[in-house]
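Let me begin by presenting the structure, written as structure tokens, before commenting on it.
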Amino acid sequence: MFEFNDAEWSSLRSEFDAEELLRQCVRAHTQGSLQAIEGGLCLPEQLEHLTSYCLERERFQEALAVASLWTMLAPYSAEAWDKLGVAYSGVRSHRQAVEAFEKALACNPNDVEIILHLAAAYSDAGIVSEAEAYLNYALLLDPSCEDAIWQKAVFAQRRGYYRDAIELYERLADSPHYAREALFELGFCYDCCQRFDDACIAYERAIELDPYNADAWFNRGIVLARAGRYAEAIESYDYALAISPAHVGALYNKANLLSLVGRLEAAIECYREALSHDRSDPAIWQNLGSTLGELGRYHEAIEAFTEAIARAPEYFEAYFGRGTCYDALGNPGAALVDYDTALRFQSAYAELWYARAEALVKLGINQEAIQSYETALKLDPQNALCWYDYAMVLATLRRYTEATEALHRATMVAPQWADPYFALVKVYLLCGNVAAARDALQSAIALDPLRKDAFEAELLALLPEQSILHLRSPKSP
């Protein structure tokens, strides 16, 4: 922001106010002639002051007109070309800004401020190599120039060169002008490098400079949470909220952590507090719904998910969450509608296909359910429970060979889980393969010996007792 506070301004054109002269300058620029300015009383000094007047107020189009006239009157003025470049940057004409700054630099090759303006213009124009070269040139002329160090650090950070940015921000960490901003960015860069302890230290240094900065406490909480230090993170969010009770981000993140550590009622209270300050955020409604669902408060959860959908009609997670609640309430038809809607927005989510398959099974639509199971398993072949449920439906349809294959996949994914082996017992028996059934039963009992009697009781309900005896190994009691 340019400051306009010059006592000489009024004495330069006492007969015109700034706005009147500005209108004349814009008209002169449009006509391409200085003659449009009444009386021809227009000096470079007046145009300099008027340009700054416009830039201070971010009236960039008018600044462009005035600065252009200024360069006509003073074609060798580095400042005139520099201010013209700033005006072009303000209207996002980056190529023209580059040209203006280059002319300014030609007039004064060692002006670090102009070099920094030129570097920024090249960066905005997407010409990365030139931007970096001019930043290096500025630091060559003045290695201690904090503006240059800052701009190079920001530039490195934007390109994802976090380690380079860290080195530069560290040089500004004790700067009277840049320390606060540098420490915030240091925390972010350390976080991106997963150096959570260093990130936490950076934010704590920022807090030392400004203990009542809620955002510093908030960012510290984020880093602590990413490091798995949940209790400390919650405490940090509490500090942020003590300073700024309406800090929605802190309320939301705190609620997420409370839910994560199993403090569900406290999490719900925190989500509701966040919503009292901002009812427009669908993510808050979504997570509130999920937490209510975990507590079995399905009707309330459905209301929360519906609020999320009202604010973000393409929010597939909200449809998914609401569908699971309908499913839990014994309404698989409504659940299926929500699952299908969610899949229109996100078709590559395995859990969604799995849930759809389960709803179809409850509705007795087994053939279509199998297709959904298969899609889920293509997306996530490591889901043992999905393989198991898929096998059960195949067995219901008497597709025993495929059911056997699916159960074997379940045992490969979860070799310590007894249920697929016990399911294999029943499938093998249906196929008449007693030897394979015996082996599967022994595997199930070996994995879960406490369920031996339960396994045999279930088989006894299906088979005569004599058949159970044949399934036992010779060493079984």
Revision key, fill the gap. Quick P(r) readout (region 102-198; Cα-Cα; 5 Å bins; whole %) gives 3, 15, 23, 22, 18, 11, 6, 2, 1, 0
Study note, to complete from the structure: When the charge dipole of the chain is computed with +1 on Lys and Arg Cβ and -1 on Asp and Glu Cβ about the Cα centre, the Cα farthest towards its positive end, among T30, A202, F60, belongs to A202
Study note, to complete from the structure: Expected vector for region 295-301, Karplus 3J(HN,Hα) from phi with 6.51, -1.76, 1.60 and θ = phi - 60°, integer Hz, x for Gly and Pro, equals 8, x, 8, 5, 5, 5, 4
Check your understanding: Running Debye on region 209-346 with equal point scatterers at the Cα sites and no solvent, what base-10 log of I(q)/I(0) appears at q = 0.17 Å⁻¹?
Key -> -0.88
Check your understanding: So for the chain, taking the charge dipole from beta-carbon charges (+1 Lys/Arg, -1 Asp/Glu), which of A301, I234, N366 sits furthest toward the positive end?
Key -> N366
Point to revise | Expected 222 nm ellipticity per residue - DSSP helices of 4 or more, -39500 (n - 2.57), all of the chain, to 500 | key: -23500 deg cm²/dmol
Check your understanding: Residue by residue through region 69-76, which ³J(HN,Hα) values in whole Hz follow from phi under the Karplus form 6.51 cos²θ - 1.76 cosθ + 1.60 (θ = phi - 60°), with glycine and proline marked x?
Key -> 5, 4, 5, 5, 7, 9, x, 10
Exercise for review: Note down the magnitude of the dipole of region 211-297 about its Cα centre, charges +1 on Lys and Arg C-beta and -1 on Asp and Glu C-beta and zero elsewhere, to the nearest 20 debye.
Suggested key: 140 debye
Review point. Share of Cα-Cα pairs in region 62-158 beyond 23 Å, in percent?
Key: 20 percent
Check your understanding: Of all the Cα-Cα pairs you can form in the chain, what percent are over 30 Å apart?
Key -> 68 percent
Point to revise | Normalised contact order of the chain, rounded percent, pairs of Cα under 8 Å and 6 or more residues apart | key: 4 percent
Practice item. Within 10 Å, count the other beta carbons around each residue, average over each peptide in 295-302, 184-191, and list them highest first. Key: 184-191, 295-302
Practice item. Find the lysine pairs in the chain meeting two conditions, Cα atoms under 28 Å apart and a separation of 8 or more places or different chains, and report how many there are. Key: 9
Study note, to complete from the structure: Residue by residue through region 446-460, the couplings from Karplus 6.51 cos²θ - 1.76 cosθ + 1.60 with θ = phi - 60°, in Hz, x for Gly and Pro, are 5, 6, 9, x, 5, 9, 3, 5, 5, 4, 5, 5, 5, 5, 4
Check your understanding: What is the extension gain from V91 to E204, computed as 0.36 nm multiplied by their sequence separation minus the C-alpha to C-alpha distance, in nm to one decimal?
Key -> 36.8 nm
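No value in this document is a laboratory result; all are computed from the given coordinates. Note that the structure is a prediction, hence the values are computed from the model and not measured. Please note: Cβ atoms are built from the backbone with ideal geometry, for glycine as well, and neighbour counts cover all protein chains shown.
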